[in-house]
Amino acid sequence: MSSNIEILEEILNYRFKDKKLIIEALTHKSFKQPYDNERLEFLGDAVLDLIVGEYLFKKFSKSDEGKLSKIRASIVNEAGFDKLARSINLGEYIFLSNAEENNGGRDKASLLSNAFEAIMGAVYLESGLEVVNKIAIDLLEKNYDDISLDSLFRDYKTTLQELTQARFGITPEYNVIASRGPDHKKEFELAVVIEGKEYARASGKSKKIAQQEAAQMALEMLKKEK
């Protein structure tokens, strides 16, 4: 792991005045310090929700609330923030325990997404909405070629249901395998089952996210079975 946080600051084009703030934002709870990035993640999640909402409100001036909500939901989620985190190689800078690192922590979507939210929360806390807005929107526009409902919002669950009804005459089942974490920070693991066969498992911050991830994986498997 590179401990040179200045490299990350150069990528973000932002220098932290309080270095303790960025260190906290990069510290996973497994690192066993008196602090971790969960509080900043909580703040960053709310800030990014607002930033992306305002961005879409201005960009799609003729779109209704339902459409805007769907586009925002396709960006403001674990997969969306994981994508942005990977674009700045955020995994290289996170402070993890050896056990978490050996378990592939630097490549976990949930961990990367959470760290990205924490970084944005830290920037907001130190410099306000205008500064973090510029950083977040710059990253968004660099990493999404086309921000629109058609390109971003793919309802894999509906697509899978249509496919299985056509091919097997049945609909998929989604079984909750496990739920982990406190009530305010649950993670759900689900399996998608078709004709009694488990096709895929996925995890997410909500059952809906996990279902979409599992449905996408199942679709890929069904395509290979053709």
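The values are calculated or read from the model by the stated rules, or taken from the named source; none is laboratory data. Nothing here was measured: the structure is a model prediction, and the numbers come from that model. Here the Cβ is made from the backbone with ideal geometry for all residues, glycine too, and neighbour counts use every protein chain on show.
Some observations on this one:
- Odd one out for ARG72, checked against (1) in contact (Cβ under 8 Å) with a residue 40 or more places away in the chain; (2) buried (at least 19 other Cβ atoms within 10 Å of the Cβ); (3) not aliphatic (A, V, I, L, M): (1)
- Selection status of ALA210, modelled with pLDDT under 95, more than 18 Å from the chain's Cα centre (by Cα) and buried (at least 17 other Cβ atoms within 10 Å of the Cβ): no
- The set of residues from segment 64-82 being farther than 23 Å from ASN13 by Cα, within 14 Å of the chain's Cα centre (by Cα) and not in a helix (DSSP H, G or I) comprises just one member, ASN77.
- Inspection of segment 172-187 identifies no residue that is surrounded by 15 or more Cβ atoms within 10 Å (Cβ to Cβ) and modelled with pLDDT under 85.
- Test: residue in segment 57-64 that is surrounded by fewer than 20 Cβ atoms within 10 Å (Cβ to Cβ) and closer than 23 Å to HIS184 by Cβ: no
- When every residue of segment 108-130 is checked against the conditions, at least one turns out to be surrounded by fewer than 16 Cβ atoms within 10 Å (Cβ to Cβ), part of a helix (DSSP H, G or I) and of a type in the set (A, V, I, L, M, F, W, C).
- Identity of the residue in segment 213-226, free of Cβ contacts under 8 Å to residues at least 24 places away in the same chain and in a helix (DSSP H, G or I), that ends up nearest to the chain's Cα centre (by Cα): GLU220
- Test result for ASN114, at pLDDT 90 or above and not assigned by TED's automatic domain parsing to the domain that holds GLY44: no
- Filtered residue count, segment 83-105, keeping only those that are part of a helix (DSSP H, G or I) and farther than 15 Å from ILE137 by Cα: 10
- Test: residue in segment 12-22 that is within 18 Å of ARG106 (Cβ to Cβ), surrounded by 16 or more Cβ atoms within 10 Å (Cβ to Cβ) and in the same structural domain as ALA85 (by TED's automatic domain parsing): yes
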